[in-house]
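Comments concern the structure below.
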Amino acid sequence: MKVPRYVYSMLMALFMICLGTQTAYAEKYLVLLDSSDGMGDEIGGERILYVAVKEVIKLIDNLDPDSKVGVMVFGHTAEGCEDAELIIPFGKPDISNIREQLGKLSPSGRRGLIDSIEKALVQLEKESEERAVIFLVTSGWDECGGRDFLIEDAFKATRIEVRLVIIAINPDIRDSDKLKDIATMGHGTYHQVETPVELGNLLAEIAKGTKAGLQVIMRGSDPDVPGAQLKIYDDKAHVILNQSIEGFFSTDLASGSYDIQLIYQGNSFWRRDVSVKKDESTQVVFDLDIAMGELRIEIMDSNNERMKGNVVVQDDLGQVVYEGSGQSEYSITVPPGTYSAEITVGSEVEYFDGIEVLEEGIAYFPAVFSVMMGTAEIVVNNADGVPVNASIVIEDSEGKQVASSDYTSTFLVNLPPGDYSAIVTTRADQQEVVPFYVPEGDNITVGVEVEALMGSILVRLVTAEGNAVYGRIRVYDERGREIPHFERESAEDSEFSFELPVGTYRIEAQVEDVIRTLDGITVQEGEENIVDITFPEELT
């Protein structure tokens, strides 16, 4: 049964001492149940505590039968705060006794949550040799002045591995944030439910996971980004399962050996040669808190000029961990290890092996191709040679986009040798496709002629009295980019008349050291727009 997505379902923090180790063993579980007055609030027409008791009994009844389980309650006395008590000692569950003991509870005192967690850790150190899990079921934050930093200190001090799994039932948002924090301090996970059905589904999934043939567990994921993609491969490298998970996944597989890949926030984590045996539970833990390394790939030609290309990175077992395209630089976060890269630039392919990435280190890898880049300048004009702004897309011979520019009349781009096409689209949606070839180490100009709706502008530089002054102007498009070929440098003119494609422009005029700028100058088809730019009288 799938847990609802809005549940923070980074389920169960049952994890191994050695990452990548799979084994079957009986866990110790301590259910830490809140019985404070706050658990008297209602969800689904019932008090939270009574709903929690029913579902906790089901959880315990459905756990792995070889597990050792204890139950500690707190907030169940009038005094509260420091009343945490182990009411069910550790052992194989006696469901009738557990039902009887929990049935006596009623919402009572204040919620001493911090104190109860500290006491739970002390109890587990007495009972467990290696590892244990605390299931804390509550509806809110500590009401007795407990300080959250005490939890972090307590977990650091314990001699055994303990994971804190918090199941919060309808908490308010402030309590939710604090509970998430202590779940992280307790090396565990946080789950929030709002209805009895959600609580039942969540605990049923947890119980199922303790008995499944294969359990995949994420540890250290972000509570606000719980999702990951899980892929399982058989011994012939065929994908037999590919699905999204949120922290925990369990399934039954035939006996055999499997490779398991978890993709989380763009990073791939692997567990190799996972052995699954009949009638045994195999746990695979992905520790997302491990220190990663960074691989930076820079693609260059033999003159150290950057080139855009496609990259495929594989680990030492040939599994793809990253694919990217259309960039000259790549920054890739990967676990420490040895990697190889296949880099494609145009029709050229190069292979690079033995790239070492260290923990928390940055591996700089310059991928140098033997070819030299060429330069192509795309120039867009109308039939009269007037520049026309258009969007320009460059595609290679396989139809892949390698460069683009949005609304310009000239576009300069460095490209590896090869065949390309320039796809030019005007504002009027006229499109021209012009093929061209870039020689190695050479510069070429690609002219593209388009039709454009044209208008004209007459710019006059004057004073407030209407006297002419002499200067120069520059023309910019509506995005603030200067339009090439429209500079007017003459100091002899006070009037400038020229054609422009239909659109909106900015005109900057300079007379001596005085600069004036006018925005929102429109050019309409077949019309002349007269623009007066005013300067001080003393400049005449």
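The values are calculated or read from the model by the stated rules, or taken from the named source; none is laboratory data. Just so it is clear, the structure is predicted and the values come from calculations on it, not from any experiment. Glycine gets a Cβ as well: all are built from the backbone with ideal geometry, and neighbour counts include every protein chain shown.
Has the stretch 24-45 got at least one residue that is among the aliphatic types (A, V, I, L, M) and modelled with pLDDT under 50? For the stretch 24-45, residues among the aliphatic types (A, V, I, L, M) and modelled with pLDDT under 50: present.
Kindly indicate whether Gln401 is surrounded by fewer than 17 Cβ atoms within 10 Å (Cβ to Cβ) and touching a residue at least 12 places away in the same chain (Cβ under 8 Å). Write out each step before concluding.
Details: surrounded by fewer than 17 Cβ atoms within 10 Å (Cβ to Cβ): yes; touching a residue at least 12 places away in the same chain (Cβ under 8 Å): yes.
Against the criterion (surrounded by fewer than 17 Cβ atoms within 10 Å (Cβ to Cβ) and touching a residue at least 12 places away in the same chain (Cβ under 8 Å)), Gln401 qualifies.
Scanning the stretch 342-367 for residues that are surrounded by 15 or more Cβ atoms within 10 Å (Cβ to Cβ) and in contact (Cβ under 8 Å) with a residue 24 or more places away in the chain yields a total of 11.
Answer with yes or no whether Asn414 is among the polar types (S, T, N, Q), assigned by TED's automatic domain parsing to the domain that holds Thr522 and either over 29 Å from Thr522 (Cβ atoms) or touching a residue at least 12 places away in the same chain (Cβ under 8 Å) (or both).
Values: among the polar types (S, T, N, Q): yes; assigned by TED's automatic domain parsing to the domain that holds Thr522: no; either over 29 Å from Thr522 (Cβ atoms) or touching a residue at least 12 places away in the same chain (Cβ under 8 Å) (or both): yes.
Considered against the rule, which asks whether it is among the polar types (S, T, N, Q), assigned by TED's automatic domain parsing to the domain that holds Thr522 and either over 29 Å from Thr522 (Cβ atoms) or touching a residue at least 12 places away in the same chain (Cβ under 8 Å) (or both), Asn414 comes out as no.
Do you know which residues across the stretch 33-56 are touching a strand residue (DSSP E or B) at 6+ places or on another chain (Cβ under 7 Å), farther than 19 Å from Met72 by Cβ and in a strand (DSSP E or B)? Matches in the stretch 33-56: Ile43 only.
Conditions tested, residue by residue: (1) farther than 24 Å from Gly44 by Cβ; (2) among the aliphatic types (A, V, I, L, M); (3) in contact (Cβ under 8 Å) with a residue 40 or more places away in the chain.
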residue: Asp177; (1), (2), (3): yes, no, no
residue: His187; (1), (2), (3): yes, no, yes
residue: Val193; (1), (2), (3): no, yes, yes
residue: Asn201; (1), (2), (3): no, no, yes
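Checking each residue in the stretch 186-204 for being assigned to a helix (DSSP H, G or I) and within 13 Å of Leu113 (Cβ to Cβ) picks out no residue at all.
Within the stretch 413-463, can you find the residues that are farther than 29 Å from Met300 by Cβ, among the charged types (D, E, K, R) and part of a strand (DSSP E or B)? Within the stretch 413-463, Glu432, Glu449, Arg460 qualify. Looking only at residues in the stretch 320-365 that are among the β-branched types (Val, Ile, Thr) and touching a Phe, Trp or Tyr at 6+ places or on another chain (Cβ under 8 Å), the one that is nearest to Gly418 (Cα to Cα) is Val345.
Within the stretch 513-527, can you find the residues that are surrounded by 13 or more Cβ atoms within 10 Å (Cβ to Cβ), of a type outside the set (A, V, I, L, M) and closer than 12 Å to Leu500 by Cβ? Matches in the stretch 513-527: Thr522, Gln524. Within the group Arg111, Arg99, which residue is assigned by TED's automatic domain parsing to the domain that holds Pro171, basic (Lys, Arg) and closer than 21 Å to Ile166 by Cβ? On inspection, the qualifying residue turns out to be Arg111.
Note on the stretch 454-481: residues that are in contact (Cβ under 8 Å) with a residue 40 or more places away in the chain, touching a Ser or Thr at 6+ places or on another chain (Cβ under 9 Å) and over 30 Å from Asp396 (Cα atoms) amount to 16. Among the residues of the stretch 262-276, those that are at pLDDT 75 or above and loosely packed, with under 13 Cβ neighbours inside 10 Å comprise Gln265, Asp273, Ser275. Annotation note: of Glu118, Glu125, Glu82, the sole residue that is of a type in the set (D, E, K, R) and either in a strand (DSSP E or B) or closer than 24 Å to Asp64 by Cβ (or both) is Glu125. Selection of the stretch 409-455 for residues being touching a strand residue (DSSP E or B) at 6+ places or on another chain (Cβ under 7 Å) and on the phi > 0 side of the Ramachandran plot yields Gly418, Gly441.
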